[in-house]
Amino acid sequence: MTAAPAIRWLKRGRLFVGASSGLIDIPGLGHAYTTRLGGVSPRPYATLNLQLKDGEDRANRVAMNRQLLAEALDIRADRFVTADQVHGDTVTVVDAPGHAPACDALITMTRGLPLLIQVADCLPVVIADPAGRALAAVHCGWRGIASGIAVKAARQLAGLAECPVSDLVVGIGPGIGPCCFTVHEDVTVPLAAAVPTGPAPIERDGRLFINLAGTLTAQLLAAGISTVSTGNVCNACKPEMFYSYRRESGKTGRQGVVAWLA
Ligand SMILES: [Zn+2]
């Protein structure tokens, strides 16, 4: 495994976005992990909430946030593809803007079609082939790992890009870390079954904590993917920068990842 350093963070206009070091050299591939900074939504969604679903955060504000994001990244807001994310294992190949029903992974080979995955504890994941022919954006929480959605998306992408799975490059963005993700055995048991090579749960003060990004990395490695960048950034520890569904008991916005083939 290549232990690529991390996520590089930079200011883009009024926004602050991150990029996985392992993905930035792929020709024609753009991607950005977003933070909550630089948008127009009020509390508790302040400020760059990307999720339209929250009735209390008006749709026009979320549309404005997506517009600000598009401008900062020099892409088109009217070309976004979003997904009705359901913690399942469905992978959808898209070639036009819009909202994909019930799926947690989007794949495209179409240029100028930004895929937008939203998270607030789960991991935003980008997968690409080294020639930049195809791209996947995946919403991956513990259920996603247990169902193997990232590996499923990777295999499908490799087929489309006509390259071996082992050549793929994966970036894992900010999600809840082992410092904050306390769970019970209803989570640790299916995760250990799905990823026997993954890190063991950490016991602290009589509670169990799991390393989601480490587990996903182990799963990808076991599937033959050798280049995985993870920033090890815990969104739940950084309330000024990121939303966290657990930290805010559900009343919060969504950051995410945008990825596109230019
Ligand atoms: Zn944390």
Over the chain, the sum of -39500 (n - 2.57) across DSSP H runs of at least four, divided by residue number and rounded to 500 deg cm²/dmol, gives at 222 nm -6500 deg cm²/dmol
Toy charge model, Lys and Arg Cβ at +1, Asp and Glu Cβ at -1: the chain dipole around Cα centroid in debye, rounded to 20, equals 680 debye
Sorted on mean Cβ neighbours within 10 Å (highest first), peptides 147-156, 214-223, 59-68 come out as 147-156, 214-223, 59-68
Here, residue 162 and residue 232, labelled 7 Å along Cα→Cβ, have an inter-label distance in nm of 4.0 nm
If R0 = 35 Å, then residue 197 and residue 84, at their Cβ-Cβ distance, give a FRET efficiency to the nearest 0.05 of 0.65
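Restricting the count to DSSP beta bridges whose residues both fall in the range 1-105, what percent are antiparallel, rounded to a multiple of 5?
Taking every DSSP beta bridge within the range 1-105, about 65 percent pair in antiparallel fashion.
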Once both label points are put 7 Å beyond Cα along the C-beta direction, the residue 188-residue 246 separation in nm becomes 1.4 nm
If each K or R counts +1 and each D or E counts -1, the residues other than residue 150 whose Cβ falls under 11 Å of its Cβ total 0
Here, the range 7-261 modelled as identical Cα point scatterers in vacuum has Debye log10 I(q)/I(0) at q = 0.08, 0.10, 0.15 Å⁻¹ of -0.27, -0.43, -1.01
Taking Lys and Arg as +1 and Asp and Glu as -1, residues besides residue 77 with C-beta under 10 Å from its C-beta add up to +1
Among 115, 249, 179, the residue whose Cα sits farthest towards the positive end of the charge dipole of the range 7-261 (+1 at Cβ of Lys and Arg, -1 at Cβ of Asp and Glu, taken about the Cα centre) is 249
Note on the chain: helices (DSSP H) long enough, at least 20 Å by alpha carbon along their axis, and hydrophobic enough, mean Kyte-Doolittle at least -0.5, are 59-73
Given 233-239, 70-76, 45-51, the highest-first ranking by average Cβ count within 10 Å works out to 45-51, 233-239, 70-76
Among 130, 239, 156, the residue whose Cα sits farthest towards the positive end of the charge dipole of the chain (+1 at Cβ of Lys and Arg, -1 at Cβ of Asp and Glu, taken about the Cα centre) is 239
Between the alpha carbon centres of the range 41-117 and the range 198-249 the gap in Å comes to 23 Å
Taking R0 as 41 Å and r as the Cβ-Cβ distance between residue 11 and residue 102, the FRET efficiency 1/(1 + (r/R0)^6), rounded to the nearest 0.05, comes to 0.70
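Only the coordinates and a few stated rules stand behind these numbers; no lab work does. Nothing here was measured: the structure is a model prediction, and the numbers come from that model. With ideal geometry, Cβ positions are generated from the backbone for all residues, glycine too; neighbour counts draw on all protein chains shown.
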